[in-house]
Amino acid sequence: ESGRGARPFHLDWARSIRDQCRAAGTAVFIKQMGSNSKVHINEPIEEIRHRSGGDMAEWPSDLRVREFPI
């Protein structure tokens, strides 16, 4: 989520979904980190400056995943 009132987005959630999709042989497409991304609870990602977290260059490298189904 982005914008005022966006709920927290914990990076471990994205990593868990990515890992589950890979284990199931499903493509993974991460669109954005959101405007309230967290490394851990109450620990914001300081590198995210894009207002919706949409700049992949600001994301952790292991979450820069945009795969498409075959």
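Throughout, read-outs are computed from the coordinates displayed, never taken from laboratory work. Note that the structure is a prediction, hence the values are computed from the model and not measured. Because the Cβ atoms are built from the backbone with ideal geometry, glycine has one as well, and the counts that use them run over all protein chains shown.
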Expressed in nanometres to one decimal, the distance between label points 7 Å along Cα→Cβ at residue 29 and residue 7 is 2.3
Inter-site label distance for residue 58 and residue 21 at 7 Å from Cα along Cβ, in nm: 2.1
